[in-house]
Amino acid sequence: MAQEMYAGEYAKFFATDKQGIDFMGADNLVGDRYSIDIRDEESGYRAYLVNRFGNDIGYLENRMVRPIQIAQAKGWETCAFLSFVAFTQGTDEENPGYYWGQVAVMMYDQHLVKPMKTFEATLSKTMADGGRPQVDFGARSVESIISSNGTWFPTDKAAKPKMGKGSSIVKDHQTPNERLVEQSRKGNIGCYIASYAFIALIIVGILYALHSCGVF
């Protein structure tokens, strides 16, 4: 019965921003939670990932559309957490490079919302540190989440996919500066000041290096 209340797995997504700008700042951090919006387009249905600021960052591989549609039709919660972002080089003008990545997709019954809120907080933090906890688990694990009110957490890890030729991971954990920006958003003024001080130091360092090289 418990397994019928939950489904989860890692899935590939394709970035909507061809330049990857969405992932260069702190608006899309590893471990961030995304809502999933199914849309009917000319090419068919697509499952878009929407960040906490209401912006699309990409869409899931086609195989995920149907199970998400079924879960949403049953009134389940559907969400995803960013695991990593990668870039694949293009071969020519007709086949340009593109950004993609993986997210941990989770779908569960509304009765699990309370314990899953606690579980998701741990999941987000673990992924922010570069971890890849297993999210594809069975009834016994779901029962553990329920009985522990979300404090149970899997020890198994999911392997990253192998990068093919011309592909490389560009983001798979939160950087110190991203953490500072995130803390400032939560109202930590000290972190807010520190984040800008950190950026200022980087700029000063770059200018000093250029000056040393005789650029100006």
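The values are calculated or read from the model by the stated rules, or taken from the named source; none is laboratory data. Note that this is a predicted model, so its numbers are computed, not measured. All Cβ positions, even for glycine, are placed from backbone atoms using ideal geometry, and neighbour counts span all protein chains on display. The area values use the complete protein model at the heavy-atom level, side chains included, leaving out ligands, DNA and RNA. Shrake-Rupley method; radii C 1.70, N 1.55, O 1.52, S 1.80 Å.
Could we say that residue 8 is touching a residue at least 12 places away in the same chain (Cβ under 8 Å), among the small types (Gly, Ala, Ser), in a strand (DSSP E or B) and over 30 Å from residue 139 (Cβ atoms) here? Answer is no for this residue.
Could you list, in sequence order, all residues of region 37-67 that are closer than 28 Å to residue 168 by Cα and hydrophobic (A, V, I, L, M, F, W, C)?
Let us first name the residues in region 37-67 that are closer than 28 Å to residue 168 by Cα, namely 37, 46-65.
Of everything in region 37-67, those that are closer than 28 Å to residue 168 by Cα and hydrophobic (A, V, I, L, M, F, W, C) turn out to be 47, 49, 50, 53, 57, 60, 64, 65.
Can you find even one residue in region 78-92 that is closer than 13 Å to residue 6 by Cβ, assigned to a strand (DSSP E or B) and among the polar types (S, T, N, Q)? Looking for residues that are closer than 13 Å to residue 6 by Cβ, assigned to a strand (DSSP E or B) and among the polar types (S, T, N, Q), one finds at least one in region 78-92, hence yes.
The residues of region 11-28 that are touching a strand residue (DSSP E or B) at 6+ places or on another chain (Cβ under 6 Å), part of a loop (DSSP other than H, G, I, E, B) and either open to solvent by 20 Å² or more (accessible area, probe 1.4 Å) or without any contact (Cβ under 8 Å) to a residue 24 or more places away in the chain (or both) amount to a single one, 16.
Of the residues that make up region 26-33, is at least one within 21 Å of residue 154 (Cβ to Cβ), among the aliphatic types (A, V, I, L, M), out of contact with any helix residue (DSSP H, G or I) (no Cβ under 8 Å at 6 or more places or on another chain) and at pLDDT 95 or above?
The answer is no; no qualifying residue exists.
State whether the residues of region 145-166 include one that is in a strand (DSSP E or B), touching a residue at least 60 places away in the same chain (Cβ under 8 Å) and either open to solvent by 40 Å² or more (accessible area, probe 1.4 Å) or closer than 17 Å to residue 7 by Cα (or both). No: region 145-166 contains no residue that is in a strand (DSSP E or B), touching a residue at least 60 places away in the same chain (Cβ under 8 Å) and either open to solvent by 40 Å² or more (accessible area, probe 1.4 Å) or closer than 17 Å to residue 7 by Cα (or both). Considered as a group, the residues in region 117-141 that are part of a helix (DSSP H, G or I) and touching a helix residue (DSSP H, G or I) at 6+ places or on another chain (Cβ under 7 Å) include one that is farthest from residue 182 (Cα to Cα), and that residue is 139.
Restricting to region 4-25, count the residues that are charged (D, E, K, R), over 11 Å from the mean Cα position of the chain (by Cα) and modelled with pLDDT of 95 or more. Please lay out each step first, then the result.
Start the filter on region 4-25 by keeping residues that are charged (D, E, K, R), which leaves 4, 9, 12, 17-18, 22.
Those left that are additionally over 11 Å from the mean Cα position of the chain (by Cα): 4, 9, 17-18, 22.
This time we only want the ones that are modelled with pLDDT of 95 or more, so: 9.
Of the residues in region 4-25, 1 are charged (D, E, K, R), over 11 Å from the mean Cα position of the chain (by Cα) and modelled with pLDDT of 95 or more.
Among the residues of region 29-45, those that are of a type outside the set (A, V, I, L, M) and either touching a residue at least 24 places away in the same chain (Cβ under 8 Å) or surrounded by 17 or more Cβ atoms within 10 Å (Cβ to Cβ) (or both) comprise 31, 32, 33, 34, 35, 45.
Can you tell me which condition residue 50 does not meet? The list is (1) hydrophobic (A, V, I, L, M, F, W, C); (2) touching a Ser or Thr at 6+ places or on another chain (Cβ under 6 Å); (3) under 26 Å from residue 143 (Cα atoms), and all the others hold. The number of the failed condition is (3). Considered as a group, the residues in region 77-126 that are without any contact (Cβ under 8 Å) to a residue 40 or more places away in the chain and within 15 Å of the chain's Cα centre (by Cα) include one that is surrounded by the most Cβ atoms within 10 Å (Cβ to Cβ), and that residue is 122.
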